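What follows is a single structure, written as structure tokens, with notes after it.
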Amino acid sequence: MSFKDTLESGKFVVTAEVGPPKGTDIATMKHDMEILKGKLDAVNVTDNQSAVMRICSLAVCKLALEHGLEPILQMTCRDRNRIALQSDLLGASVLGIRNVLCMTGDHVSAGDHKSARPVYDIESVQLLQVVNALNNGKDMAGNDMKGATSFFQGAVVTPESNPIEPQLMKFEKKVKAGANFFQTQAIYNIDNFKEFMKFARKFPVKIMAGLVVLKSAGMANFLNNFVPGIKVPQELIDEMKAAGKEKALDTGLNITARHIRQLKEEKICDGVHIMAIGMEDKVPIILERAGLL
Amino acid sequence: MIISKKKDRGKLLQTLDRYDSFYLIGCSECASLCGTGNDEALKEMAEDLKAKGKTVTGMIVPKTGCQTLGTKVELKKDKDALDKTDAIVVMSCGAGTQSAVEIYPDKAVYPSNDTMFLGNMTRFQMFDERCTLCGECVLDMTGGICPVTNCPKGLLNGPCGGTKDGNCEVSAEIKCAWVRIYERQKRLGELDKMTEILPPKDWSAKQAPHKLYTRGDAAEGDRKDKK
């Protein structure tokens, strides 16, 4: 069953992330794909994440298809103008890619080509509208196309954003612009997330909670201090500390598995999106401990 | 006003080294307020050139350097000094520099400044960029705060996920434009405007080089409107 059909059937879905490497050596990535095959409903392929130059998302999505994984093409507006975005979307469509995640994209100042000219010709809300237009056989300028796309489009939201109100207003715009599903920025506080879900449930969209695996207490502190929109509660940091260096990663995997279990059992949201960040091969362990394999 | 800053003096003097004599042109408007093209700045430049063994044949701070015709009239008064010089150093913005190029097509003209942005002077010689001259103003929809300029991504429909405690992901010194817009529209009771999706910008409105004639006898409008 396709990712779209599974999500719409009401089944609790699981996606994870593959970050394309910098360079042409894709051995590790292929290995990760083999490990993830058959265990996920879809796999996100990031688009030059953190504005660091890597293999393009489109090519890796095609590789994912070839490895039996259903890809979600992450598309940011940072590096391409409206012509390139639409052109890549058409290209993705003919290659058999059916899911697209529309994002604005981290600013180039976060990445490894800081002198680059950021594009942002359009942004996430408008990109969602563009995907709608392409699905209806028209390009963004209103021209008729020979053959339409049939994308299932998603967007992102940051439930821990502070202040939250403007973020929620943007969430509503994304729904209005045609987002079918949302994958959230990493969440660690399930009670806070429940509050967000009270709001999100008012809209006819599917919500997948974003989960980033903690590797150490230091990483948790780093996320709190430097990554916008992520808040790791003190009790989780304490739990990581108590585990000690040896058991830290194992504890991080347990925490993620525990959160998945709670989100699913209490029917808090429609699925989870696991961001293992370099530890894609550990995703099956998480799923096993969460009782999903 | 147009904000300019002085180029690295050492590198500039190196570039100018191929000439022996110079005439300096400042500007009494923006460049004077920036301290890059006022009397003081010109005198300092003259000293630096003299210290390198160069001759300064004259200098002037015209009223408005980018007003080509007016500047041409002012420069006429200094015709001898200008005739004698090898090169002209313009100490204003890029527009002022190109006024001089137009007035003296056969003389070498060099800029002493980098032209930065259209800015507001918030305190003496402290400048903030507020407008990017996008050609299609959205301030009516954004509580009078420009997201095209104040948001490094120029987002038109709300904050990105990078906003942290009301600050921007690019720098904690930048307040998130969309948090500011939200707060202001809330105060004004105009939050409904934040629910409206703003369409993609028509960047052709920013298509350089612009031309705009609005004078009665020569009114032609913007080049773009004529297509």
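The values are calculated or read from the model by the stated rules, or taken from the named source; none is laboratory data. Computed from a predicted model, the values in this text were never measured in an experiment. Cβ atoms come from the backbone with ideal geometry, glycine included; neighbour counts cover every protein chain shown. Just so you know, the surface numbers come from the protein's heavy atoms only, side chains and all, with ligands and any DNA or RNA stripped out. Shrake-Rupley method; radii C 1.70, N 1.55, O 1.52, S 1.80 Å.
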Give me, ordered by chain and number, the residues 5 or more places off A:V212 or on other chains with an amide H under 5 Å from its own placed amide H. A:I187, A:M275
Sort the following peptides by mean Cβ neighbour count (other Cβ atoms within 10 Å, averaged over residues), highest first: A:85-94, A:267-276, B:13-22. A:267-276, A:85-94, B:13-22
Could you work out the relative contact order of chain A? I mean the mean sequence separation of Cα pairs under 8 Å and 6+ apart, divided by the number of residues, in percent. 18 percent
Computed label-point distance, nm, for sites B:R187 and A:A110 using a 7 Å Cα→Cβ extension: 2.9 nm
For the protein assembly as shown, diffusion coefficient by Stokes-Einstein and Kirkwood Rh (Cα), 37 °C, 0.692 mPa s, µm²/s: 125 µm²/s
Going 7 Å from the Cα of B:E196 in the Cα-to-Cβ direction, what parts of region B:140-184 have a backbone nitrogen less than 13 Å from that spot? B:140-144
Could you give the angle, 0 to 90 degrees to the nearest 10, between helix A:57-66's Cα long axis and the longest principal axis of the Cα atoms of chain A? 80 degrees
Contact order normalised by residue count of chain B, Cα under 8 Å, 6+ apart, percent: 16 percent
So, with a 1.4 angstrom probe, what is the percent of accessible area on region B:1-102 that is carbon and sulfur? 49 percent
Roughly how much accessible area, to the nearest 100 Å², goes out of reach of solvent when A and B pair up, both sides summed, probe 1.4 Å? 2500 Å²
Separation of the A:C56 and B:E173 label points, Cα + 7 Å toward Cβ, nm: 3.6 nm
How much length is gained if the chain between B:A218 and B:M1 is pulled fully straight, taking 0.36 nm per residue apart and subtracting their Cα-Cα distance, in nm to one decimal? 75.5 nm
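Estimate the FRET efficiency between A:I83 and A:E265 by the formula 1/(1 + (r/R0)^6), using the beta-carbon distance for r and 51 Å for R0, to the nearest 0.05.
Details: r = 47 Å, r/R0 = 0.92.
According to the calculation, E is roughly 0.65.
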Report B:H210's accessible area, 1.4 Å probe, all protein chains in place, as a number in Å² to the nearest 10. 90 Å²
Value of relative contact order over region B:98-158, rounded to a whole percent, pairs C-alpha under 8 Å and six or more apart: 18 percent
State, to one decimal in nm², a quarter of the convex hull surface area for the C-alpha atoms of region A:85-137, i.e. the direction-averaged projected area. 4.3 nm²
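Quick one: accessible area per residue over region A:137-293, 1.4 Å probe, rounded to a whole number of Å²? Provide the component values of the computation, followed by the final result.
Values: 6820 Å² over 157 residues.
Per residue, region A:137-293 has 43 Å² of solvent-accessible surface.
Using 0.36 nm times the number of residues separating B:E102 and B:K206, minus their current alpha carbon distance, what extension gain do you get?
Length gained, B:E102 through B:K206: 35.1 nm.
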Taking the solvent-accessible surface of protein heavy atoms with a 1.4 Å probe, what is the per residue accessible area of region B:174-214 in Å²? 63 Å²
Point-charge dipole on Cβ atoms (K/R +1, D/E -1) for the protein assembly as shown, about Cα centre, debye to 20: 320 debye
Vicinal HN-Hα couplings computed from phi for region A:206-214 (Karplus, 6.51 cos²θ - 1.76 cosθ + 1.60; Hz; Gly/Pro x): 8, 10, 10, 6, x, 10, 10, 6, 7
Cα-projected label distance for B:K76 with B:D17, points at 7 Å along beta-carbon direction, nm: 4.0 nm
